[in-house]
1. According to a simple spin-label model (label point 7 Å from Cα along Cα-to-Cβ), what is the distance in nm between residue 195 and residue 280?
2. Quick one: order 191, 215, 185 from most to least accessible surface, probe 1.4 Å.
3. State to the nearest 20 debye the size of the charge dipole of the chain about its Cα centre, where the only charges are +1 on K and R beta carbons and -1 on D and E beta carbons.
4. Contact order normalised by length for region 252-409, with contacts defined as Cα pairs under 8 Å and 6 or more residues apart; what percent is it?
5. Quick one: net charge of residue 188's neighbours, Cβ under 9 Å, K/R +1, D/E -1?
6. Report residue 197's accessible area, 1.4 Å probe, all protein chains in place, as a number in Å² to the nearest 10.
7. I want to verify a result. In a Gaussian network model of the chain, Cα cutoff 10 Å, which of these has the top mean-square fluctuation: 213, 24, 329?
8. Counting each DSSP H run of 4 or more residues in the chain as -39500 (n - 2.57), what helix-only mean residue ellipticity at 222 nm follows after dividing by all residues, to the nearest 500 deg cm²/dmol?
Amino acid sequence: MRILLKSVKIVDSSSEFNGQTKDMLIENGIIQQITNSIESTADQTISGENLYVSAGWIDMRVSPKDPGYESKEDLNSLSAAAMTGGFTEIVTLPNTKPVVQTKEAIAYVKNFALSQLINIYPTGAVTRNCEGKDFTEMLDLHQAGAVAFTDGDHTLWNADILLKTLQYLAPIDSLLMNRPEEPSMTIFGQMHEGIESTLLGMKGIPSTAEELMLMRDLKLLEYYLGKDFSPKEKSSLHFSTISTKVGVELIRQAKSKGLPVSCDIAAHQLAFTDADLKDFDTNFKVNPPFRSQEDIEALQQGLADGTIDVVVSDHNPQDEESKNLEFDMADFGVIGLETAFSVANTYSNLSIDKIIEKLTTSPRKLLRLENVSIKEGNHANLSIFDPSQEWIYESKNIQSKSKNSPFIDKKLTGKVKAVVNKGKIFINK
């Protein structure tokens, strides 16, 4: 298949063409030519005003729901949502039914992806059934293809488990991901603890719950490394979906000490505060919760100065039976694959180069994946988009099986046009 991209601005710091507007010819999945003008017949031509192209985006945090919860999302609808959102690669959490804790569960996901445009990288559970008690066979899972290890939606609350996992993963150089939350402080919590939760009469989720777990994990990491540590010889720790001002500062300080830590934020955390929950719309019920404007500003600063490494969608589909309920009965979570880039572009205050870095090179580096570069002779793994186009996110166009999004009927800036990978192309209508 021959694919021709006309007058696209290349955003790729590892490419000699970075910042230049070129034509690009792709044949049988390989970038054959990048030059000022290409006059050639093609099976598919992508053209338009203000088109950009970058390495294909990767999402580090996606809840697949398949197997076990296919009414909320299956792998086919997940793939469609990912492509619509501009992602060519996604990393899936292990919180399915059964939990991804066997080689067969890893193979289920990987085998499905073989025939798809997108690449799917499953993570393996650290503990059996993600309960925080007994270890899974992590080495076997790594050999089967687990790209990292996490209990996903569940915090590794057991300090000894976290410490030993750091030790186990060091020889295989695999990433440990943990969502920082002290679970005993969030029981029955519905939203950010503050003035708004008091006014609405809802049990709050305090910022301290996140910050305490960050402090604990960072202290355990220092203990594990010892006084004279060499980060290159040790496993590293990644914090998922941080949300507080103090949390950003704790990670900033840890990095200044040279600790091998990294973190991500969910794109939607940049868009709303706890004040937006006044109408009890369950689409705004997320965990970690929407916090204060001060926290948003801290997240924006953390993105700008590099404290926050990655932007994720935290895609967590929930069906009507899980969301169309009283607020305190509804499940947490929003869908985010189709809006993550646009939301980051609209609310982060970052340049387009920085946003793309946090969707491409940074997550691949953390996951020990090969970098994707726009270069003649390389495989074409590309996201094509217009960062200036305004559009309305409408329910009728959602590709996910679930519709739990706070962005429905809201205007966003930055529209995905197409993705290319494995010799295939998906055009966003």
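1. The modelled label-to-label distance comes out at 2.3 nm.
2. 215, 185, 191
3. That gives the chain a dipole magnitude of about 840 debye.
4. 27 percent
5. Around residue 188, the surrounding residues sum to 0.
6. Approximately 10 Å² of residue 197 is accessible to the 1.4 Å probe.
7. The residue with the greatest mean-square fluctuation here is 329.
8. Helices in the chain give a 222 nm mean residue ellipticity of -7500 deg cm²/dmol.
The values are calculated or read from the model by the stated rules, or taken from the named source; none is laboratory data. These numbers come from a predicted model, not from an experiment. Cβ: placed from backbone, ideal geometry, glycine included. Neighbour counts: every protein chain shown. Heavy atoms of the whole protein, side chains included, go into the accessibility calculation; ligands, DNA and RNA do not. Shrake-Rupley method; radii C 1.70, N 1.55, O 1.52, S 1.80 Å.
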